[in-house]
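Okay, structure first, notes after.
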Amino acid sequence: MGIEDYGGGQGTQSDVLVVTTNDAPGYRVDRVIGEVFGLTVRSRHLGSQIGAGLKSMIGGELKGLTKTLVETRNQAMERLVEQARARGANGVLMMRFDVTDAADVGTEVCAYGTAVVLSKE
């Protein structure tokens with residue numbers, strides 16, 4: 001697996017700055033729009049579950065599941081950015097991920113934060 005298979009995050013060309021901090025150094029918050037989130041629920045296919053079960057007996061990274069979780073987190077983040085942009089924001093502060101089981105049929109991943117309008121100081 002290459003770095004793009006197990007990493008994620010925002011690209012350098014995005015028009016919406018997403019940070020995990022309370023503020024963005026070099027920017028001032030002109031307006032707080034409010035909470036935004038991006039949500040996705042993914043199920044694992046049977047082959048993935050069997051492979052993960054076998055791998056867990058001998059130990060080691062479950063690369064297929066790792067790749068699926070990265071894709072899922074990136075999709076949730078993309079949806080977060082889309083919602084922020086649609087509400088007129090150009091920034092999201094305090095971005096976080098929340099991951100939970102969804103009724104034993106999949107994994108729910110939610111990216112959430114506070115949408116704001118930023119300007120350079």
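The values are calculated or read from the model by the stated rules, or taken from the named source; none is laboratory data. Here the structure is a predicted model, which means the values were calculated and not measured. Cβ placement follows ideal geometry from the backbone for every residue including glycine, while neighbour counts extend to all protein chains displayed. Keep in mind that these areas ignore ligands, DNA and RNA; they rest on the heavy atoms of the full protein, side chains included. Shrake-Rupley method; radii C 1.70, N 1.55, O 1.52, S 1.80 Å.
Side notes on the structure shown:
- Gyration tensor (alpha-carbon) shape descriptor, region 67-121, a/c threshold 1.5: prolate
- Label-reachable residues, region 99-121, where backbone N falls under 18 Å from a point 7 Å from ILE33's Cα toward its Cβ: 111-120
- Percent accessible area from carbon and sulfur atoms, region 63-108, protein chains only, probe 1.4 Å: 46 percent
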